[in-house]
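Enquirer: Have a look at this one.
The values are calculated or read from the model by the stated rules, or taken from the named source; none is laboratory data. Please read all numbers here as calculations on a predicted model, not as lab measurements. Cβ coordinates were reconstructed from backbone atoms using ideal geometry, including for glycine residues, and neighbour counts include every protein chain displayed. All accessible areas refer to the heavy atoms of the entire protein, side chains included, with ligands and DNA or RNA removed. Shrake-Rupley method; radii C 1.70, N 1.55, O 1.52, S 1.80 Å.
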Amino acid sequence: MSHPTESAAPDDIASAPDQRPSGLVIAIDGPAGVGKSTVAARTAAALAIPHLDTGALYRAATLACLRAGVDLTDGDACAEVVAGRAIRREADRTSLDGEDVEEEIRGAAVTAAVSMVSAHAAVRAALLPVQRQAVASAGGVMEGRDIGTVVLPHADLKVYLTASVEERARRRGEQVGRDDLDVIASEIATRDAVDGGREVSPLQQADDAWVLDTTDWEADDVVALITVRAHEIAHEHAIPVGGAGGGGEERSAAQALATPLDPVAVRRSLPRVAVVGRPNVGKSTLVNRILGARVTIVEEKPGVTRDRTEHLADWLGRNFLVVDTGGWEHAAEGMNARIVEQAEAAVAAADLVLFIVDGTTGALEDDERYARLLRRSGTPTLLVANKIDGDRQEPLVHELYSLGLGVPYPVSARHGRGVGDLLDEVLDQLPPVPEVDLDESAVPHVAIVGRPNAGKSSLFNRLLGEERSIVDPVPHTTRDAVDTMIDIDGEPWVFVDTAGMRRRYRHGEDTELYSVDRTRAAIAQADLVLFVIDASEPLGEQDQRLAALLRDAGRGLVLVCNKWDLVDEDRRGDFEKELDRLLSFASWAPRINISALTGRGLRRVLPSLRTVHANYRRRVPTRALNQLVEEAVARHAPPRVGQKQLKIRYATQAEVAPPRFVLFANGRLPDGYLRYLERELRERYDFTGVPLLVDDRRRQRSARGRRDDRARRGGGDRG
């Protein structure tokens, strides 16, 4: 396996030592017939960077010599002609002294003479400034037979393609429509011999070139391999890829000097808008309308929303937090009393309250009672008359003036009527805040999942240090996914308390079905998962369903065995056996025994999350990864498939979070061998708590092909 050398970023490609291209520079060399032009063009397209067809430049130089009538065997005469002409290659077109000659340079006369003209060292030297200037600003991909050695000796990535003479003959035959492969092979061998004897041999490999034998590779595989390595080099040297343009160094310097903002502090600095009102007046519907997405449960019955949920909103470029609450009820008891406490806590912390009433029923006794509380609270309040779906209902709003909260704002949360005007007023009422960067992508998100009554909300509240989720012995207390960003020991974390999955759903239970959907979404959007299991009870169907969901989700995992204070010696033996069956797929997951009720073992939760999150984002250096694969192959080689010995040519880590490794081989590697390589990775590097995906390029292409076939048949992808 030959690997590209780790090279420094180029500093004088355009003969200007104090400047370098703002984009990536790739040099592709190799003998005739290896597919340099095809690979270069496709690589440039894949990376969205310019492609320079060196062959077109030499054809234009040959055309200039033909037009000048010079002796094509006289290198100095040809070089003098080329040096006096303006040859350019832009947007896949070639110009000579400003004239578009793309079609003419592909003609028979130029084709017959280009090898003779391009063989002159003086001609090649005359074209050097043109070639270097082509990549001087934005970088690009250039192919030829002395690019890495002469033209671009400081390219970021140098690739030297090779293939057997027989394979090169086959490719050339397909290209020109010939089937006399023996004759073509002889011609290629003769040309190689001639090239090898020239003054400046175009078959010479750069010392730091990455040599790729493409004999049994498809062009797409070669392009994919080069593209992967190009992205790795661009990342290593902070080189923009894909039309990022200039100024990359200036931006990087500015970013390095900038002090990163604390995401928790940024969140806390935003104004809060609490949405309150009695049950079933449309609070959650309005929250969904403001956010432009269905993020809270909505159902035509009271008491669906229970916990206090907080969401980031934007209107006209200004950010604020919207806090959805449960229904405000007078003289509530039990769980309903705790729902009211959550709503009152939201009002106490709010900068502005949206008091929602049903505009079609007028002011009810409870509405008047809550209006008095809001007036005494001193918190700015906007009175919102919901369910005003048309002009005929507008007169009903006047009855609400009696609440003493000012002008009512008529809206229809379901249809969006009047919501824009309401939000304009919200912005006018909110205190001004400085513009801040709200990028929270680097903050780890942790979903807390488990079956009903396993102790998820108790653990959630323990981690937060406050009762954000309502805890009740009755199962299914938590209906929605409740997420909160907090600061623990100076680190920002987002914890998401989710609803438990019921064993079965009865027909029409939209709330439960949506709760499950929100749980699935929370897992999909999380980085890590705390899988809470009630260790005091036998593991059941709900635990198995969640385990299957986590197996397919590919998230970092910490197993939390709750209620450990209730587990006796007899139960422990049974529990260990149940766990082995339940989580046989995740033997790599760390386990913590806790009691969320008493706080026992909770001090181990955060260190475990830190470890798993670091492993979740771990990147293995390319050189070290390939060395590991080489050592693993030396100990246990891939099997033979028919008459072909499988070989791994290159390995790369394509992604982090979770880590995904792609192997480039000359055939499809068996599942057993991929599991062997996964074990080798885990033995060398700490991937505790993290699923690893080790796959090969051929398998990925097969999967894409199956998806494409389903799409062509009209089936599409299910998911």
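Enquirer: Check off (1) modelled with pLDDT of 90 or more; (2) of a type in the set (Gly, Ala, Ser); (3) within 17 Å of ARG85 (Cβ to Cβ) for ALA134 and give me the number that stays unchecked.
Expert: ALA134 satisfies every listed condition except (1).
Enquirer: So TYR676 clears everything in (1) within 17 Å of PHE585 (Cα to Cα); (2) within 26 Å of the chain's Cα centre (by Cα) except one condition, right? Which one?
Expert: Only one criterion is unmet by TYR676, namely (2).
Enquirer: Where in the range 416-530 are there helices (runs of 4 or more DSSP H), lying wholly inside it, with at least 1 residues that are touching a strand residue (DSSP E or B) at 6+ places or on another chain (Cβ under 9 Å) and modelled with pLDDT under 80? Walk me through it before giving the result.
Expert: Values: elements: 419-429, 456-464, 510-525.
Counting at least 1 such residues, we get 456-464, 510-525.
Enquirer: Looking at ALA125, ALA91, which is the one that is of a type in the set (A, V, I, L, M), closer than 22 Å to MET142 by Cα and without any contact (Cβ under 8 Å) to a residue 12 or more places away in the chain? Lay out the reasoning, then the answer.
Expert: Working: ALA125 fails: without any contact (Cβ under 8 Å) to a residue 12 or more places away in the chain.
On inspection, the qualifying residue turns out to be ALA91.
Enquirer: To continue, here is another question. In the range 53-69, how many are surrounded by fewer than 24 Cβ atoms within 10 Å (Cβ to Cβ), farther than 13 Å from THR111 by Cα and modelled with pLDDT under 95?
Expert: Result for the range 53-69: 1.
Enquirer: Condition first: open to solvent by less than 10 Å² (accessible area, probe 1.4 Å) and more than 29 Å from the chain's Cα centre (by Cα). Can you find one or more residues in the range 569-578 that meet it? First the steps, then the outcome.
Expert: Keep residues of the range 569-578 that are open to solvent by less than 10 Å² (accessible area, probe 1.4 Å), which gives 575.
Among the residues that remain, those that are also more than 29 Å from the chain's Cα centre (by Cα) are: 575.
Yes.
Enquirer: Working carefully through the options ASP18, ASP11, find the one that is in contact with a His (Cβ under 8 Å, 6 or more places away or on another chain), in a loop (DSSP other than H, G, I, E, B), acidic (Asp, Glu) and at pLDDT below 90.
Expert: Working: ASP18 fails: in contact with a His (Cβ under 8 Å, 6 or more places away or on another chain).
On inspection, the qualifying residue turns out to be ASP11.
Enquirer: Here is a further query. Give all pairs with beta carbons closer than 7 Å in which a residue from the range 411-430 that is touching a residue at least 12 places away in the same chain (Cβ under 8 Å) and on the phi > 0 side of the Ramachandran plot meets a residue that is open to solvent by less than 30 Å² (accessible area, probe 1.4 Å) and hydroxyl-bearing (Ser, Thr, Tyr); count only pairs at least 6 apart in sequence or on separate chains.
Expert: Qualifying pairs under 7 Å: GLY418/SER412.
Enquirer: Is it fair to say VAL633 is surrounded by 16 or more Cβ atoms within 10 Å (Cβ to Cβ), under 20 Å from LEU693 (Cβ atoms), out of contact with any Asp or Glu (no Cβ under 9 Å at 6 or more places or on another chain) and in contact (Cβ under 8 Å) with a residue 12 or more places away in the chain? Talk me through it step by step, then tell me what you get.
Expert: Working: surrounded by 16 or more Cβ atoms within 10 Å (Cβ to Cβ): yes; under 20 Å from LEU693 (Cβ atoms): yes; out of contact with any Asp or Glu (no Cβ under 9 Å at 6 or more places or on another chain): yes; in contact (Cβ under 8 Å) with a residue 12 or more places away in the chain: yes.
Answer is yes for this residue.
Enquirer: Further question: Could you say whether any residue in the range 96-118 is surrounded by 21 or more Cβ atoms within 10 Å (Cβ to Cβ), basic (Lys, Arg), part of a helix (DSSP H, G or I) and in contact (Cβ under 8 Å) with a residue 40 or more places away in the chain?
Expert: no
Enquirer: For the range 268-311: of the residues being of a type outside the set (D, E, K, R), modelled with pLDDT under 75 and touching a strand residue (DSSP E or B) at 6+ places or on another chain (Cβ under 8 Å), which is least open to solvent (accessible area, probe 1.4 Å)? Break it down into steps so the answer makes sense when it comes.
Expert: Just the residues of the range 268-311 that are of a type outside the set (D, E, K, R), to begin with: 269-271, 273-277, 279-282, 284-288, 290-293, 295-298, 302-305, 309, 311.
Next, only the ones that are modelled with pLDDT under 75 stay: 293, 295-298, 302-305.
So of that shortlist, the ones also touching a strand residue (DSSP E or B) at 6+ places or on another chain (Cβ under 8 Å) come out as 295-296, 305.
Numbers: VAL295: 32, THR296: 1, THR305: 30 Å².
It comes out as THR296.
Enquirer: Among the residues of the range 538-548, count how many are crowded, with 19+ Cβ neighbours inside 10 Å and either among the aromatic types (Phe, Trp, Tyr) or within 28 Å of ARG675 (Cα to Cα) (or both). Break it down stepwise before answering.
Expert: Taking the range 538-548 first, the residues crowded, with 19+ Cβ neighbours inside 10 Å are 539, 543, 546-547.
Narrowing further to those that are either among the aromatic types (Phe, Trp, Tyr) or within 28 Å of ARG675 (Cα to Cα) (or both): 543, 546-547.
Within the range 538-548, residues that are crowded, with 19+ Cβ neighbours inside 10 Å and either among the aromatic types (Phe, Trp, Tyr) or within 28 Å of ARG675 (Cα to Cα) (or both) number 3.
Enquirer: Which one of these does ASP552 not meet: (1) over 23 Å from PRO607 (Cβ atoms); (2) at pLDDT 90 or above; (3) acidic (Asp, Glu)?
Expert: (2) is the only condition that ASP552 fails.
Enquirer: Right, here's the next one. Would you confirm whether any residue within the range 576-593 is farther than 25 Å from GLU678 by Cα and touching a residue at least 12 places away in the same chain (Cβ under 8 Å)?
Expert: Checking the range 576-593: at least one residue is farther than 25 Å from GLU678 by Cα and touching a residue at least 12 places away in the same chain (Cβ under 8 Å).
Enquirer: Scan the range 647-689 for residues that are free of Cβ contacts under 8 Å to residues at least 24 places away in the same chain and open to solvent by less than 60 Å² (accessible area, probe 1.4 Å) and jot them down.
Expert: Those that are free of Cβ contacts under 8 Å to residues at least 24 places away in the same chain and open to solvent by less than 60 Å² (accessible area, probe 1.4 Å): GLY672, LEU674, GLU678.
Enquirer: For residues that are open to solvent by 80 Å² or more (accessible area, probe 1.4 Å) and not in a helix (DSSP H, G or I), scanning just the range 601-620, find the one that is farthest from VAL560 (Cα to Cα).
Expert: Result: ARG619.
Enquirer: Can you tell me which residues in the range 531-546 are farther than 26 Å from SER441 by Cα and part of a helix (DSSP H, G or I)? Reasoning before the result, please.
Expert: Residues of the range 531-546 farther than 26 Å from SER441 by Cα: 533-545.
Hits for the range 531-546 are GLU541, GLN542, ASP543, GLN544, ARG545.
Enquirer: Ok, one more. Which residue pairs have Cβ atoms closer than 6 Å, lie 6 or more positions apart in sequence or on different chains, and pair a first residue in the range 198-214 that is crowded, with 21+ Cβ neighbours inside 10 Å and β-branched (Val, Ile, Thr) with a second residue that is assigned to a loop (DSSP other than H, G, I, E, B) and at pLDDT 60 or above?
Expert: From residues that are crowded, with 21+ Cβ neighbours inside 10 Å and β-branched (Val, Ile, Thr), the pairs are THR214/ALA163.
Enquirer: Run down GLU232, GLU199 and say which single residue is at pLDDT 85 or above, touching a helix residue (DSSP H, G or I) at 6+ places or on another chain (Cβ under 9 Å) and of a type outside the set (A, V, I, L, M). Give the steps one after another, and end with the answer.
Expert: Working: GLU199 fails: at pLDDT 85 or above.
Being at pLDDT 85 or above, touching a helix residue (DSSP H, G or I) at 6+ places or on another chain (Cβ under 9 Å) and of a type outside the set (A, V, I, L, M) holds for just one of GLU232, GLU199, which is GLU232.
Enquirer: Let me ask something else. So how many residues does the range 388-415 have that are open to solvent by less than 10 Å² (accessible area, probe 1.4 Å), part of a strand (DSSP E or B) and within 16 Å of ASP367 (Cβ to Cβ)?
Expert: Going through the range 388-415 one residue at a time, the tally reaches 0.
Enquirer: (1) part of a loop (DSSP other than H, G, I, E, B); (2) of a type in the set (Val, Ile, Thr); (3) open to solvent by less than 20 Å² (accessible area, probe 1.4 Å): which one isn't true of THR598, the others all being true?
Expert: (3)
Enquirer: Test each condition in (1) of a type outside the set (Ser, Thr, Tyr); (2) open to solvent by 40 Å² or more (accessible area, probe 1.4 Å); (3) modelled with pLDDT of 90 or more for ARG191 and report the one that comes out false.
Expert: Status for ARG191: all satisfied but (3).
Enquirer: So for the range 162-177 (the condition being of a type in the set (A, V, I, L, M) and open to solvent by less than 10 Å² (accessible area, probe 1.4 Å)), does at least one residue qualify?
Expert: At the first step, the residues of the range 162-177 found to be of a type in the set (A, V, I, L, M) are 163, 165, 169, 176.
With the extra rule that they be open to solvent by less than 10 Å² (accessible area, probe 1.4 Å), the set shrinks to 169.
Scanning the range 162-177 turns up at least one residue that is of a type in the set (A, V, I, L, M) and open to solvent by less than 10 Å² (accessible area, probe 1.4 Å).
Enquirer: Let me ask something else. (1) closer than 25 Å to SER95 by Cα; (2) at pLDDT below 90: which one isn't true of PRO31, the others all being true?
Expert: Unmet for PRO31, out of (1) closer than 25 Å to SER95 by Cα; (2) at pLDDT below 90: (1).
Enquirer: Residue by residue through the range 312-325, note down the ones that are in contact (Cβ under 8 Å) with a residue 12 or more places away in the chain and either closer than 14 Å to LEU286 by Cβ or surrounded by fewer than 17 Cβ atoms within 10 Å (Cβ to Cβ) (or both).
Expert: LEU312, ALA313, TRP315, LEU316, ARG318, VAL322, VAL323, ASP324, THR325
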